[in-house]
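Quick one: the structure is below, questions incoming.
What follows is calculated from the coordinates using simple rules that are stated; it is not laboratory data. Quantities reported herein were computed from a predicted structural model and do not represent experimental measurements. Counting neighbours? That spans all protein chains shown, and the Cβs are built from the backbone with ideal geometry, glycine included.
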Amino acid sequence: MSAYKAEITWKRNDAVFTDNKYPRAHLWQFDGGAEVPASSSPQVVPPPYSDSAAVDPEEAFLASLSSCHMLWFLSIAAKRGFVVDEYIDTAEAYMGKNNDGKTAITMAILRPAVKYSPDAAPMADVNTALHHEAHEKCFIANSVTTEIRIEPVMDILKNL
């Protein structure tokens, strides 16, 4: 079984804390050395107590879904002999009440646009099938109850 590690560091500094007016900014550190400034979402905790320039957990969740899907998609496309030149996903996530009445990210929509090399591009139906297979294999998608929709952007297939 693989283990993944992250260290999350937050400091109160001189904030009172018990008045709920403390900073939500913190730091994510990963075992490879990457450091990511993080904070609560400004949609949840307004500035100045959140840092809108930092990544919030909701954005990170969406990015991990999108990234996992993309990495599987690229792997599958390469194995099938299709050459991907560019991949852009304009993903969105929506907060709502889940089946237990708890606030959760209830839906994520991935909108991947793939630009293939003109000499090694699949037909649109094959592109859709590649996305379906990538979704089925994505570890993150398989780990959550969030509804995940994959809506490929087809225009990019024309290699605009």
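Which trypsin sites (Lys or Arg not before Pro) in segment 7-91 pass both tests, a DSSP loop state and at most 15 other beta-carbon atoms within 10 Å?
Hits after loop and neighbour filter: K11, R12, K21, R80.
Under 5 Å between amide hydrogens, which residues at least 5 positions from V55 or on another chain qualify, with H placed 1.01 Å from N in the peptide plane?
Correct list: A38, S39.
Follow-up question, since we're still on this one. Past the 31 Å Cα-Cα mark, which pairs from K11/K137; K5/K137; K5/K115?
Result: K11/K137; K5/K115 exceed 31 Å.
How big is Rg to Rh over the chain, alpha-carbon atoms, Rh as the Kirkwood inverse-mean-distance radius?
Reported Rg/Rh, Kirkwood definition of Rh: 1.06.
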